[in-house]
Amino acid sequence: MTLHWKPRAYYRILRNAFISDLEYRSSYYILFAASWITVAMELALFRQIYKGRPEVGGLPASVVPAFIVLGMFLRYGSTLWSMISECVEEIRNGNFRRFLIQPIHYPSYFFAKAIGPKIPTWTLSLVTIVALKFFPGFDALLPPGTRLPFLVAAALSYVLIWQIYLLIVYLGFWFEEAHFLSVAFNIGVGILSGSLLPLDWLPDAAVRFLRLTPLPLLGDFPMRTGLGRLDAGEFEIRALQALLWILALIPLLAWTKRRALRSYESFGG
Amino acid sequence: MAAAVKAFFRPKVSTKWAVAGLDFQVAAGQVVGLVGANGAGKTTFLKMAAGLLHPTEGEIRVLGHVPHERDPNFLRSIGMVMGQKSQLWIDIPASETLELLAAVYDIPSEVYRKRLDDLARLFDVKEHLGVQVRRLSLGERMKLEIVAAVLHEPRLLLLDEPTIGLDVVAKDRIRGLVRDYNVEKGTTIVLSSHDMDDIAEVCHRLLIIHHGALRFDGSVSEVASLKSLVLETLSSPA
């Protein structure tokens, strides 16, 4: 059974979500400001950590602004967690069934619905990030030779994060309490992926354990790629690891989906 | 509150058979009314027919498909209106949702425009298409919900309490529209309702469900008093 790819439908979902969200202009302004307030807070935090030292835990002070900006870009993927919570909630209260009766991949429908309103903010942020490169202090941002690898690494990390979200959504059909997974994932992902703080700052044992999971591939891998801080041949190995995780998650997702939909009780009149 | 705290630490789980002993067939083009008390299993049956629920036992086939396999061809053949759940995007005009549905159901643009024109005339909603859904009355919204559910011309339309919360005039209008649509398109319709007038004015056949089992199956035209029949059936022992 295949549900065909429907670009026209996804365009319409993105468009409708965007138009719907324009109803809430004030939220737009606040959210855009909030994303940059977070960056400012991170800069202040790092300044306190460094306090004039040229390097902390292998990360030079000159790279910090670029690290923060790249981290923000990558965390856009994980900011969709609120949408996943909403999705799991709709599955729980039965509202989600309006997607299930349509011949379309329903989680993608929901994801597109969540992404639509974010497009202007993301675009504006991306333009700002590109512009920042020309400001003093941001020299380490995407040095020559890293741009294409960074895009590849970021794309792989986005696919992986999307698969993890999908897994949580399917578990939402299975367990009424799946909501906690999206909350737990959101709490941990910034630190454990290395997009909020450098992964090397964690204890060695923790890093060794994390390397057994896909989490560093969501943040640390694209971050280090974008900062040009990967060892020779490391990019290929990490990219292969990400690809293997993506492939390994496909059957797990298919099995979870089948099992979860069998258990779905679709409460509510 | 004590019960809520207790349930937080030690949730009590019980199993209830929502539907058991429901055995019937529906002929193409027929309008069937499902009646039963709250919790009788009407909505559960409709959810199974739409493929939302997997039956734990027994077999269900709809239009030659096993609904919960969710074959895209099956999903294209059904439409569903849930009186208490909206399929329309609330903050934008209904026309935008309809455009999206046309894309989801792969309806070519020209066919879509012609179909929408016909439906807008039949359901008298032309002037409401460009209005934000949240600004519409419940009756206007329900008409648009039905338009959204039949836009792809399903062979089977499942209506779960489509007149719930509507005033007398709106109910009458919705009933007339559903009846006219069935006559015009020959679509099979299964409708659940607590309102006997819905059944009397729209349905050919009545099914009374009680505690998940079928208790009456007969022609609406042969029943002298629907209300008496339903009350009698639902109060008699199983």
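A few notes on this one:
- Tallying residues that are open to solvent by 30 Å² or more (accessible area, probe 1.4 Å) and either touching an Asp or Glu at 6+ places or on another chain (Cβ under 6 Å) or of a type in the set (S, T, Y) (or both) within segment B:135-172 yields 1.
- Where helices (runs of 4 or more DSSP H) sit wholly within segment A:174-269, those with at least 3 residues that are within 30 Å of B:G39 (Cα to Cα) occupy A:234-263.
- Residue list for segment A:142-162, filter: crowded, with 18+ Cβ neighbours inside 10 Å and part of a helix (DSSP H, G or I): A:P149, A:F150, A:A153, A:A154, A:L156, A:S157, A:L160, A:I161
- Counting only helices (runs of 4 or more DSSP H) wholly contained in segment B:58-172, the ones carrying 3 or more residues that are more than 30 Å from A:W5 (Cβ to Cβ) occupy B:109-123, B:138-150.
- Any hit, segment A:105-128, residues being in a loop (DSSP other than H, G, I, E, B) and surrounded by 18 or more Cβ atoms within 10 Å (Cβ to Cβ): yes
- Hey, B:A50 more than 13 Å from chain A (Cβ to nearest Cβ) and either among the small types (G, A, S) or touching a helix residue (DSSP H, G or I) at 6+ places or on another chain (Cβ under 9 Å) (or both) or not: no
- In segment B:53-62, the residues that are within 7 Å of chain A (Cβ to nearest Cβ) and open to solvent by 30 Å² or more (accessible area, probe 1.4 Å): B:H54
- When residues in segment B:28-47 are screened for being more than 9 Å from chain A (Cβ to nearest Cβ) and without any contact (Cβ under 8 Å) to a residue 60 or more places away in the chain, 1 of them pass.
- Hits in segment B:173-189 (condition: assigned to a helix (DSSP H, G or I) and either open to solvent by less than 20 Å² (accessible area, probe 1.4 Å) or within 13 Å of B:A120 (Cα to Cα) (or both)): B:I174, B:R175, B:G176, B:L177, B:V178, B:Y181, B:N182
The values are calculated or read from the model by the stated rules, or taken from the named source; none is laboratory data. Keep in mind that this is a model prediction, so the values were computed, not measured. Because the Cβ atoms are built from the backbone with ideal geometry, glycine has one as well, and the counts that use them run over all protein chains shown. Areas reflect the complete protein model, heavy atoms only, side chains present, ligands, DNA and RNA absent. Shrake-Rupley method; radii C 1.70, N 1.55, O 1.52, S 1.80 Å.
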